[in-house]
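A short worksheet on the structure shown next.
Please treat every number below as a calculation from the coordinates, not as lab data. Only a predicted model underlies this, so the values are computations on that prediction, with no experimental measurement involved. Neighbour counts are summed over all protein chains in view; Cβ atoms, including those assigned to glycine, are modelled from backbone coordinates with ideal geometry.
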Amino acid sequence: MTFPARFDFLDEIREFVAQVAREGGFNDKEIYSLQLAADEAASNIIEHAYAGDPDADFDVSCDVYGDTLTITMRDTGKPFNPSNVKLPNLKAGLSERQIGGLGLYLMRKLMDEVHYISNPNTGNLLTMIKRRG
C-alpha cells in the first residue's frame with residue numbers, strides 16, 4: 001500500500017500492520033510491538049527522509065510467511081546510514097539525553113531483524129522481521 005508521508009496517516013499504517021498480523025496468528029503483545037516498530041519507522045521516513053514534504057509518499061507492505069511477518073517500507077527520500085546512529089544512553093536523565101536514536105533502538109528491540117538498504121537508483125528500503133511467539 002502507498003501512504004502519504006504525513007503524520008496523520010500513522011493510524012492507518014498501524015491498523016494495516018495489525019490486520020495482517022492478526023490474520024497471521026500473532027498475539028496482542030506481538031501486534032503491539034509490530035505496530036510500534038512500524039510507527040517509529042514511518043515517523044522516521046516522514047520526518048527525516050522527506051523532511052515534511054507534503055507531496056511525498058512511501059510504500060508499506062506487510063506479509064506473513066509461516067510464523068514470520070515481514071514489514072517493508074520503501075521511500076525515495078533522503079538516505080541515511082544507520083551505523084552513524086549512536087545507541088541512546090537510557091540511564092541518562094531526560095534533560096541529559098541526546099536527541100535521536102531512540103526510534104531505531106526501539107525497532108531493533110521490538111523486531112527480530114531490521115535491515116536498511118539505500119540505493120540512489122531505487123531509493124531506501126527498510127525491512128523488519130518478527131517471528132511469532
- The local net charge around Glu113, scoring Lys/Arg +1 and Asp/Glu -1 for residues other than Glu113 whose Cβ lies under 13 Å from its Cβ, equals +3
- Query: Using the count of nearby Cβ atoms within 10 Å as a rough guide to exposure, how do Thr122, Thr72 rank from fewest to most?
  - Reply: Thr122, Thr72
